[in-house]
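Student: My questions will all concern the structure given below.
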Amino acid sequence: MTKPILNRRQLITAAASAGVISTAFATTGKVAQAASHAATPMAGMITIHKLGAVTLHSYTAPEASALVNTHIIETANELHIIDAQFLQSFASEVRAYADSLGKPIKQLYLSHAHPDHLLGAAQFADVPFVTSDAVRADAEASTDMFEDRKAQFGDDTPLYMPEGGLGLGATSWGGVAVEIAEIKDAEAANTLTFHIPEAGLVIAQDLLYANAHAFPLGNTPNWIAALEGIRATDDLRLVGAGHGLPASPGALDDAIAYLIFQNEVITSSGDAETAVAALSEAYPGYGGAGLLNFVSYRY
Ligand SMILES: [Zn+2]
């Protein structure tokens, strides 16, 4: 009997379920939990952009949680929230901030099925949590890995999973037109983007790592094509990143250049250590350094 050959995603899933892939977040997660418990002021950073009909409130976690973002879209009468943080401590900060805005949370959306965007959804368990059927299926397939992550951090909150069925294409959030698109096989298997034309805003989530190291296990050509597609958006003013602060459209050029360089470095280096050193040297100020631990899965 021949041994089955696993594709890249199956390898990652297998590694994750074996508990191997956790190193990137395991250490930083513990540090972050401890730090956020000790801190009285908010550990994350809120940035606010008033964009006409909507206000974007972005919560960016500290470097210890790889600068992962939750974006709150405030319309006249309601809130729509995209992604829910990795650690409960940061998710509870987002929840408290959202509640302070004094408007009902209409829905929480999952952009893609990676744990740093989903596990904190437990803090929103009273809110409808939705995503596309494809992202829902990705999440379903990763349930064991999610439970492993939670166990590592001593997180005993029940896993709160999204419902599928979110429609793609045009919709309305509190009277504001929103276009939801699904990008296949880029940073994740499926990633939703949210475009609000009248605000000149695209929430790109993990298609954009802004001033931060990008997850090195994506499909680089498809990912670059997705960034080029976002760059071609009419009247684009602001891009909501998955990691790093919301950015001007020029950050898309930076992200494309980074991905090209990252792929060249990884394919031309003899081992992960050499590649990580080259990436760190070329981008010494970049956040999300913990993501470089995933480079080893390219060897
Ligand atoms: Zn992420």
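Where a number appears in this text, it was derived from the coordinates with a stated rule and is not lab data. Predicted model only: the values in this text are computed from it and were never measured. We place every Cβ from the backbone using ideal geometry, glycine too, and count neighbours over all the protein chains shown.
Student: Provide the FRET efficiency to the nearest 0.05 for the residue 170-residue 97 pair, computing r from the beta carbons and using R0 = 22 Å.
Tutor: Plugging the Cβ-Cβ distance into 1/(1 + (r/R0)^6) gives 0.15.
Student: Now for a separate question. Equivalent ellipsoid semi-axes for the chain, as square roots of 5 times the alpha carbon gyration tensor eigenvalues: give them largest first, rounded to whole Å.
Tutor: 28, 22, 19
Student: Counting DSSP beta bridges with both partners in the range 191-299, what percentage is antiparallel, nearest 5? Please list the in-between numbers first.
Tutor: Values: 4 of 10 bridges.
Taking every DSSP beta bridge with both residues in the range 191-299, the antiparallel ones total about 40 percent.
Student: What's the exposure ranking of 73, 81, going from fewest to most Cβ atoms within 10 Å? List each step's numbers first, then the result.
Tutor: On the way: 73 27, 81 24.
So the residues, fewest neighbours to most, are 81, 73.
Student: Also, I was wondering about something else. Quick check of the Kirkwood formula: for the range 94-188, what is the inverse mean of 1/r over all pairs of different Cα atoms, in Å?
Tutor: Across the range 94-188, the inverse of the average 1/r is 14.5 Å.
Student: Could you work out how far helix 143-152 tilts from the main Cα principal axis of the chain, as a 0 to 90 degree angle to the nearest 10?
Tutor: Helix 143-152 and the main axis of the chain meet at about 90 degrees.
Student: Determine, for 223, 173, the number of other Cβ atoms within 10 Å of each Cβ, and report the residues in order from fewest to most.
Tutor: In order of increasing Cβ crowding within 10 Å: 173, 223.
Student: For residue 103, what is the net charge nearby, where nearby means another residue's Cβ is under 12 Å from its Cβ and Lys, Arg count +1, Asp, Glu -1?
Tutor: So the environment of residue 103 carries a net charge of -2.
Student: Sort 101, 201 so that the residue with the fewest other Cβ atoms within 10 Å of its own Cβ comes first and the one with the most comes last.
Tutor: Lowest to highest Cβ neighbour count: 101, 201.
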